[in-house]
Amino acid sequence: MIKSTFEETDPPTLHVAIIMDGNGRWATARGLPRHAGHQAGARSVRRVIEAAPGLGIRILTLFAFSSDNWKRPVLEVSTLMRLFRMYLASETERCIRNGVRVSVIGRRDRLPIPLQEAISRTEERTRAGETLHLRLAVDYSSRDAILAAAGRLEKAAARGGDSTREAFSRWLGEAEHGSAPAPDVDVLIRTGGEQRLSDFLLWESAYAELFFVKELWPDFTSGHLQAVLEEFRRRERRFGAVPQAAVSSR
Ligand code: FPP
C-alpha cells in the first residue's frame, strides 16, 4: 500500500478515470500475442486499485471494453471476456477484504451469460465496501448512455419532471448502471500516448483535468499514478471562473 499523500483540499470524492491503452503494443513489442498484453494489463489494474485509496482516490473508473471494441477479432474479444470473468472471480475476496465496492457500467445484455452472472455476484458481495468505489466500464459507450438518458429525461419532462443538469445526471446514472450517478470526473488519464477520449465519460468529464501519458498500460505503476496526482494538485481548477488572485485583487 502506497504512503498516503492526499491533501485536505482534494474533493472528498476524488474521482479518477483511466483509459487503459497500450496492451496490444506492449505484447507486440515482446513478440507475444495480444492477449498476453491484456493479461499484463490485468496485473496493472490490481496495482492501481491497491494504490488508489492511499493516494486519496475514492472513485476509480476504468475503461475495460468500449462498445466499439466488439469490432476486434473474435478471438481477442472472447479472451477479454474470459479475462474479465476470471478477474472478478479471483479478485472479489480481496476487494471485500480491502473495502472495495465494485460496479460495472455499460450494457450487460451483450456480454456472455457467465460474465453477467460474475458481475452480479461481485457487485452483490462487494456492495458494503466504503474505501474505494471501483467502476469497470464494460461494453460502454458514453454517447449511447447520453442518448438513453436524454430519452428518459424527455419522458420524465413530459410528466412534469425537471430538465436540469442535475436531473440529467441522475438519468445518466440510471442509463449507465441503474443506480445513483457518480460525481464528475476530477482526473482523466489515458495511457499509451494517444490523445483522445474514445467515447468515455463525455458528460462526466466536462471539467476533468486531462493527462495523456506515454507509458503503455501494462507499464503503468502506482508511481506514475502518484506523479499524475501531484501534477493535478498543482493545477488551478477554475470551472470557468477567474483565478483566485484576480478575485482578491479587485
Ligand atoms: C486497450 O489497449 C485495452 C483494452 C481494449 C482492454 C483493456 C483490458 C485490460 C486492461 C485487461 C484487464 C482489465 C480488467 C478489468 C481485468 P489496446 O489493446 O487497444 O492496445 P494497443 O493500442 O496497444 O493495441
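A compact table of results
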item: Filter pass, Asp10 being assigned to a loop (DSSP other than H, G, I, E, B) and near the ligand (Cβ under 7 Å from one of its atoms); result: no
item: Subset of segment 130-156 (residues that are open to solvent by 30 Å² or more (accessible area, probe 1.4 Å), among the aliphatic types (A, V, I, L, M) and touching a residue at least 24 places away in the same chain (Cβ under 8 Å)); result: Ile146, Ala148
item: Candidate set: segment 157-205, residues that are surrounded by 15 or more Cβ atoms within 10 Å (Cβ to Cβ) and basic (Lys, Arg); chosen: the one modelled with the lowest pLDDT; result: Arg170
item: Qualifying residue in segment 225-239 (condition: under 29 Å from Glu124 (Cβ atoms) and at pLDDT 95 or above); result: yes
item: Search result, residues across segment 124-141 that are farther than 10 Å from Gly106 by Cβ and in contact with a helix residue (DSSP H, G or I) (Cβ under 9 Å, 6 or more places away or on another chain); result: Arg125, Thr126, Ala128, Gly129, Thr131, Leu132, Leu134
item: Arg30 within 8 Å of the ligand (Cβ to nearest atom), farther than 27 Å from Ala182 by Cα and open to solvent by 40 Å² or more (accessible area, probe 1.4 Å); result: no
item: Filtered residues of segment 97-114 (kept if out of contact with any helix residue (DSSP H, G or I) (no Cβ under 6 Å at 6 or more places or on another chain) and open to solvent by 70 Å² or more (accessible area, probe 1.4 Å)); result: Arg97, Asn98, Arg107, Asp109, Arg110, Ile113
item: Every residue from segment 70-82 that is without any contact (Cβ under 8 Å) to a residue 40 or more places away in the chain and either crowded, with 16+ Cβ neighbours inside 10 Å or charged (D, E, K, R) (or both); result: Lys71, Arg72, Met81, Arg82
item: Segment 33-43, residues that are of a type in the set (A, V, I, L, M), more than 8 Å from the ligand (Cβ to nearest atom) and either in contact with a Gly (Cβ under 8 Å, 6 or more places away or on another chain) or within 17 Å of Ser78 (Cβ to Cβ) (or both); result: Ala36
item: Set Arg25, Arg72, Arg46: member being under 19 Å from Gly193 (Cα atoms), within 10 Å of the ligand (Cβ to nearest atom) and among the basic types (Lys, Arg); result: Arg25
item: Criterion (part of a strand (DSSP E or B), within 9 Å of the ligand (Cβ to nearest atom) and not basic (Lys, Arg)) met by exactly one of Phe63, Phe84; result: Phe63
item: Segment 200-221, residues that are in a loop (DSSP other than H, G, I, E, B), more than 12 Å from the ligand (Cβ to nearest atom) and under 11 Å from Ala17 (Cα atoms); result: Leu201, Glu204, Ser205, Ala208
item: Filter pass, Glu117 being open to solvent by 80 Å² or more (accessible area, probe 1.4 Å), out of contact with any Leu (no Cβ under 9 Å at 6 or more places or on another chain) and in a helix (DSSP H, G or I); result: yes
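The values are calculated or read from the model by the stated rules, or taken from the named source; none is laboratory data. Here the structure is a predicted model, which is why all the values come from computation and not from measurement. All Cβ positions, even for glycine, are placed from backbone atoms using ideal geometry, and neighbour counts span all protein chains on display. Note: areas computed on protein heavy atoms with side chains; ligands, DNA, RNA excluded. Shrake-Rupley method; radii C 1.70, N 1.55, O 1.52, S 1.80 Å.
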